[in-house]
Amino acid sequence: MVQIDMPVVGEYKPGLEGIPATQSNISFIDGQQGILEYRGINIHELCAQGSFLETCYLLIFGYLPTAHRLEEFNQDIIFRRRIKYRIRDMIKCFPDRGHPMDALQTCVAGLGMFYPLSNYHDADYIYDASTRLIGKVPTMVAAFNMMRQGNDPVMPRDDLTYAGNFLYMLNERAPDPFAAKVFDTCLILHAEHTVNASTFCALVTASTLNDPYVVLASAIGTLGGPLHGGANERVMQMLEEIGSVENVKPYLEERLERKERIMGFGHRVYKVKDPRAVILQGLAEQLFDRFGHDRYYDIALELERQATDKLAERGIYANVDFYSGLVYKKLGVPIDLFTTIFAIARVAGWLAHWKEQLADNRLFRPTQVYTGLRHVKYLPISERESLS
Ligand code: ACO
């Protein structure tokens, strides 16, 4: 008989905390010092000097593109920005009150039916699928937003930047260039973040060798949950519910008393303020200086101050979602689209991880610690007694 060594089952860690699920050279986080790097470049530097499309290229291909290569990449994305009328017709059938993240997940999964699977090791296939997804995801989000209001979708404009075009497609108004630049920085900030819940989900699906549209659709489903990307929407709702600076204290005390979470606070990895929250707070301030103050910003500042007083000793600080909603709201984005913006940006990170997984794939198949019964006798239905 052949003797096969079975792996030793390790200690069970709820939420896989601290368990490496993969090896990756895409991004790096130091949760104690609040450092985030994409391919070794600090996020502060990328936000100050780079663009979102450059960041996509960096994440997916591993290095910064030359000016010529970046322009080709941009043109390839522009070429793939439009969506087929059948996708538009599908969106037309979605309920107006359906959540935009559900609409996006359905659209992305649907794309796979139009672009058949090919050789995963073919660089052209990876490039085409990547530029197609980067190009089409914003168009699908904006189309759903227009069509749920009974309007035709707005066609993309080739003369606008990636960020500017998305804002334009939301309401057919040419965006202020400063607003478009701020939005571009928001996309850089959300483009990648190591192996979080949605990226892990993308890796698991990628490891089955399903197509990239299904890989991203599964990641989008995971991102939408309130403990992950869906928190940005909940933060804005929370600020609206608080309503005034005076109400921050009783709201916070009551919520913590009931052992409820403060949305936009806490992170599995960061034990200091999330560096993305620091940058987003600065962007919010710039927008308010330029386009007028927002009372929700005062509420957020006071909430952050008081919540930090109470939670910092447990390593719970503001995360990326705390200030992003204030920025999006000022840019005119409807609240229920906030998480789709996260998804538009994270397409880059998910694609980078999909590509990395394919290069050295092994099917994900973890184990479990079984806690159930064994050797139970089957009881015929006539002999069973109701348990309720
Ligand atoms: N408000 C109040 N208490 C909190 C918060 C919070 N936001 N976050 C964690 N805690 C407390 C928990 O109640 C728990 O307390 P206990 O030990 O007394 O039971 C303790 O801290 C540990 O909580 P866990 O959920 O085990 O910690 P984890 O590392 O899994 O938390 C998470 C990470 C899920 C993000 C959590 O901080 C949270 O729910 N935050 C609110 C939702 C949110 O903002 N999500 C966005 C995260 S960023 C992103 O995904 C893009």
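The values are calculated or read from the model by the stated rules, or taken from the named source; none is laboratory data. Just so it is clear, the structure is predicted and the values come from calculations on it, not from any experiment. A quick note on method: Cβ atoms are made from the backbone with ideal geometry, for glycine too, and the neighbour counts reach across all protein chains shown. What goes into the accessible areas is simple: the full protein's heavy atoms, side chains included, and nothing from ligands, DNA or RNA. Shrake-Rupley method; radii C 1.70, N 1.55, O 1.52, S 1.80 Å.
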Within the stretch 281-296, track down each residue that is open to solvent by 10 Å² or more (accessible area, probe 1.4 Å) and in a helix (DSSP H, G or I).
Gln281, Gly282, Leu283, Glu285, Gln286, Phe288, Asp289, Arg290, Phe291, Arg295, Tyr296
Those residues of the stretch 234-275 which are buried (at least 16 other Cβ atoms within 10 Å of the Cβ) and more than 11 Å from the ligand (Cβ to nearest atom), in sequence order
Met236, Leu239, Ile242, Val248, Tyr251, Val272, Lys273, Pro275
Which count do you get for residues in the stretch 111-129 that are touching a residue at least 60 places away in the same chain (Cβ under 8 Å) and surrounded by 15 or more Cβ atoms within 10 Å (Cβ to Cβ)?
6
Lone qualifier among Leu227, Leu303, Leu283 - being of a type outside the set (Val, Ile, Thr), within 16 Å of the ligand (Cβ to nearest atom) and touching a residue at least 40 places away in the same chain (Cβ under 8 Å):
Leu303
Can you confirm whether the stretch 61-75 contains a residue that is assigned by TED's automatic domain parsing to the domain that holds Ala352, modelled with pLDDT of 95 or more, part of a helix (DSSP H, G or I) and in contact with an Asp or Glu (Cβ under 8 Å, 6 or more places away or on another chain)?
yes
Kindly indicate whether any position in the stretch 190-204 is open to solvent by 30 Å² or more (accessible area, probe 1.4 Å) and more than 30 Å from Tyr125 (Cβ to Cβ).
no
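Looking only at residues in the stretch 206-221 that are of a type in the set (Val, Ile, Thr) and buried (at least 21 other Cβ atoms within 10 Å of the Cβ), which one is farthest from the ligand (Cβ to nearest atom)?
Val215
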From the options Thr340, Thr308, residue that is surrounded by fewer than 24 Cβ atoms within 10 Å (Cβ to Cβ), assigned to a helix (DSSP H, G or I) and either touching a strand residue (DSSP E or B) at 6+ places or on another chain (Cβ under 8 Å) or in the same structural domain as Lys136 (by TED's automatic domain parsing) (or both):
Thr308
Looking at (1) open to solvent by 40 Å² or more (accessible area, probe 1.4 Å); (2) charged (D, E, K, R); (3) within 12 Å of the chain's Cα centre (by Cα), which is the one condition that is false for Asp159?
(3)
Which one of these does Val278 not meet: (1) of a type in the set (A, V, I, L, M, F, W, C); (2) surrounded by fewer than 19 Cβ atoms within 10 Å (Cβ to Cβ); (3) within 11 Å of the ligand (Cβ to nearest atom)?
(3)
Output the number of the condition that Leu36 fails; it satisfies all remaining conditions of (1) open to solvent by 50 Å² or more (accessible area, probe 1.4 Å); (2) under 30 Å from Gly282 (Cβ atoms); (3) not in a helix (DSSP H, G or I).
(1)
Hey, Ala307 in contact with a helix residue (DSSP H, G or I) (Cβ under 9 Å, 6 or more places away or on another chain) and of a type outside the set (Phe, Trp, Tyr) or not:
yes
Between residues in the stretch 187-208 that are more than 23 Å from Glu54 (Cβ to Cβ) and not assigned by TED's automatic domain parsing to the domain that holds Arg276 and residues that are open to solvent by less than 30 Å² (accessible area, probe 1.4 Å) and within 12 Å of the ligand (Cβ to nearest atom), which pairs lie under 8 Å by C-beta distance while being six or more apart or on different chains?
Ala197/Leu223; Ala197/Gly225
Can you spot a residue in the stretch 129-146 that is more than 20 Å from the chain's Cα centre (by Cα) and closer than 25 Å to Arg97 by Cβ?
yes
